[in-house]
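Visitor: Right, I'll just put the structure down here and ask away after.
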Amino acid sequence: MAVKVLVLLAIVAHVCADDTPLTIGGLFYKDAEDLKIAFTKSAEQFNFTASIKEVSKKGEILDVTKNVCELATEGVLGIIDAIGGRASENIQTLCDVLELPHVVVQHNDWYSKNWSVLNMYPSPEAYNTVLQELVQEKNWENFTLLYVKGHSLMRMNSLLMMGNVTDRYTVSVRELSGDDYRDVLINAKQNGYKNFVVDCPLQYLEQLLQHAQQVGLMADEHSYIFLSPDLFTLDLNRYRHGGVNMTGFRLVDLQNNERLWQLTDIINNGTERTLESEELNTKTLLIHDAIQIFHAALKKVKVKTEALSCDNGISWRYGSTLLNFMQTNKVEGITRTLLFDGFGQRNNVTFDILELTPAGNQTVGKWNSNGLVIERPFVPNAEIGIESAMRNKSIKVLISKTQPFTYIKYTSETLEGNDRFEGFAVDLIEYLSRILGFSYEFELETDYGSINKETGKWTGMVLKLRDERADLAICDLTITTQRLSGIDFSTPFMTLGISIIFKEPRKQPPEMFSFMAVFSKEVWYYMTLIQLLLGFLMIFVGRISHKEWQNPVPCIEQPEELTNQFSFANSVWLIIGSVMQQGSEIAPIALAPRMITSVWWFFTMIMVASYVGTLVAFLTVEKDVMPFENVEQLADHKSFSYGAKNGGTTLQFFEKSSNPVFRKMHQKMISKQWLVADNDLGVALAESSSYAFFMESTSIEYYKERHCDLVQFGELLDSKSYGIGMKKGSPYKKYIDDALLQLKEKGEIQKLKDIWWKEKRGGGKCGEKVNKEEKQLSMKNMLGAFVVLGVGCCIGLLISTLDMLWAVFKRSVKYNTTFKEELIEELKFALKFSGDVKPVKRPTKSDEGSAEALAEVEKKDEVRSLRSIRSGRSTSTRMTCHSHSSRHSSGGLSIAFAKRRDYS
């Protein structure tokens, strides 16, 4: 009986042990609340215990190591890594040692084919394949790769290779660094780049989009492919009506995905938020799928967890088996089928291809291992004219008599109906009617439409569209938030912004001292400073170079004194003579002064040639004197007035702007009555007076072609678009959008713009204006010459120093003194920087011998060379007149004689 009880207890204990929830570890940043909730709730759903470890901030390797070791001690099944970056590499190293499954839920640039890691994120191979097929589908022959600094181009390697293999594709690369991407984007715009492939993590994506819009890279001619599958989790409403083509990826199927909806509810309940399913980022979804991978693997293999230690190096015996089943198992997760290769990489994925349209996000295709399939939801172009809801319809179109959108035709005949009008808008609606098969009738309307704040009623075109008294409105009708609340707009057919048109500044003749403007002020300052410093350098080098000390009377073989030509006056005269290309009678003798002088001559040759080459332009070219450079300077200027069209969107921009300068300008325009009734009056005022007129850039382009005295000042103040207006929920909208896209792809809209802006009705009168203002030569232009001069002077100074040290050494041996004493005496004399006469060292009378005896000693010493002194032998030689060392060789002096020498 006791045996039966024991067996029963053992069975119960075993069953209870099997029912004990296993633990899964997770590493998260402290502020990743959504991810931690998804991890905890998903673990509960699959009967796991969640153990969360937090890392304070990015790069805390010590925290990461400590947390991994603590999770190993707890006996976890594996670790789900939501940190990423270089920290994941450290986690992987520890997991390799312990044989713990390591699951990554984000792309990592340290990607390697390592069997002990499982990466839930699509592999670089998958991205390379889909990107190459997508670029080919879009027929891009020129495109630019944008990537955030610190990240590799691993996922775009195939696109880089496209630029190398054939001449068909031109690929450029730009790195986005720092906190401000606008400089890089402006450079891309100036180079004419229009197609972009962007590898940007989610945390930087919104900033990149904002900066691209601010610099004007969100217009209808620009196209983007974003690698991040989280693009469409952001709010992109502000970019919908700009005409930009955005293409992105999505891993999750939003249709009939109950597990996705459950996870969304769980996160909303945990965070008290109201997220939609499509707003959950990819990392959150992959955490749920990672836990499901563990759950599916444990159905096929039984494991027993163990408490592990990072200190003893003992690995988990079930780790490799569990990871093997996780890699080879096929599981249907929230992000579709989860399949991995032998290295734990997810190559076989399914991407939905999405595009941003004025109607919102649209799925236009799908990619998987079988290839790319594009299936647009709208009617194909070839069938638009046949099955369009607009076919055989007669619609009323509102137009405004605004140049160049609509003109009244000049003719002697009496015209009626649509024949009375011509212009850009007239031609555009004609093109649309041919594609969609409708007829139309024009109606003139001067008021574009606004809402009365007191009554809440609309006016003008917006009112007629809302009341169905018209079907379409086409003119320079700006898409605004206010108008969008009353009517719908088509996809934009033109992108623009607000700028300033002003009278071209008069050319100013060269100033009296314009010859000084060839170099910038800093170059003149450095030139003056260099000449002074070089003067002192030449004096110093001349004084320490023994060959520069010359016998003033060559006929006297043993002179009492030596002279030096490098006084301050002579040095400065040598320098100035070189600058003026006249030379001087000063001729260096020693090597070091000659080298410094040669480098200075080279420097002056460069400077003089640069100066003369640019001087003619500065004396002949008349420069524009810009009265102001930007809007802020215009607002502070007291001599100029400025204004805009009364009741237009340009005036509304100043009124509603968050910039206090713009609001102040709006108040001043109202109080000073600087507003005008239409653009023609504003242009006339700008042309005839000191009046700056704010108007849209498209209108400025038009008037500049016909009024040659007007120019555009400054950058665009905003970015907006023109669209075709129609009533809310109009059945014509999708057909108008598709037809406009056709015309833009064929370049027909740009052709129409060139015709009506630059050709017809006086266009092309002014031609292209060229700014002939010459640029100053600044320090960055002349820096190389200064560097050559500096290096040459340093080498000359080094040579003269070595020359001085050698002479000091020879005198110390000759006079039997210490090297230090001779060096101190020489430096004292050289650093006085005064006097160009140097006494020759001679022995004086002493009590120990007669003058004749000393003279005899001196005579013997004079004929000794350095070699004879060292060997104890004497040779007969004659003292030369030009050797510094020979002049100092007045005899084998004793230490007493050396100390009595006076360098005064």
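All of the numbers you see were taken from the coordinates with simple rules; none came from a lab. These figures come from a predicted structure and were not determined experimentally. Methodologically, a virtual Cβ is constructed for each residue, glycine included, from the backbone with ideal geometry; neighbour enumeration extends over all protein chains shown.
Visitor: For the pair residue 601 and residue 265, how long in nm is the line joining their label points, each one 7 Å along Cα→Cβ?
Guide: 9.3 nm
Visitor: In addition: Pick out, in residue order, every one of the trypsin sites (Lys or Arg not before Pro) in region 212-315 that is DSSP loop and has at most 12 other C-beta atoms within 10 Å; say none if there are none. Mind showing how you got there, number by number?
Guide: Values: sites: 238, 240, 250, 259, 273, 283, 299, 300, 302, 304; in loops: 273, 299, 300, 302, 304.
Loop-located and lightly packed - 273, 299, 300, 302, 304.
Visitor: Could you tell me the relative contact order of region 625-718? Use alpha-carbon pairs under 8 Å, at least six residues apart, and round to a whole percent. Show your work: numbers first, answer last.
Guide: Working: 86 pairs, mean separation 32.1, N = 94.
Rounded, it is 34 percent for region 625-718.
Visitor: Calculate one ³J(HN,Hα) per residue across region 275-285 by plugging θ = phi - 60° into the Karplus curve 6.51 cos²θ - 1.76 cosθ + 1.60, and present them in order as whole Hz with x for glycine and proline.
Guide: Here the 3J(HN,Hα) series is 6, 8, 4, 6, 8, 6, 6, 4, 4, 4, 5 Hz.
Visitor: Follow-up question, since we're still on this one. Just to check I understand the Karplus step: with θ = phi - 60° and J = 6.51 cos²θ - 1.76 cosθ + 1.60, what whole-Hz values come out for region 63-70, glycine and proline as x?
Guide: 4, 4, 4, 4, 5, 4, 5, 5
Visitor: Sticking with this one: List the residues, sorted by chain then number, that are 5 or more residues from residue 23 or on another chain and whose placed amide H is less than 5 Å from its amide H.
Guide: It is 49, 77, by chain and number.
Visitor: Check which residues have an amide H placed less than 5 Å from residue 170's amide H, if you skip close sequence neighbours.
Guide: 142, 143
Visitor: While we're on this one: Quick one: which residues, 5+ away or cross-chain, put their amide H under 5 Å from the amide H of residue 353? H built at 1.01 Å from N.
Guide: 364, 365, 366, 367
Visitor: Please turn the phi angles of region 710-724 into ³J(HN,Hα) values with the Karplus equation 6.51 cos²θ - 1.76 cosθ + 1.60 (θ = phi - 60°), one per residue in order, whole Hz, x for glycine and proline.
Guide: 10, 9, 8, 10, x, 7, 5, 7, 7, 9, 8, 9, 9, x, 8
Visitor: Can you tell me which aspartates and glutamates have their Cα less than 14 Å from the Cα of residue 194? Leave out same-chain residues fewer than eight positions away.
Guide: Counting by Cα, and skipping residues close in sequence, residue 194 has these aspartates and glutamates nearby: 141, 220, 221, 745.
Visitor: Checking the cross-link filter: which aspartates and glutamates have an alpha carbon closer than 12 Å to that of residue 828, excluding same-chain neighbours under 8 positions apart?
Guide: Straight-line reach from residue 828, under 12 Å: 902.
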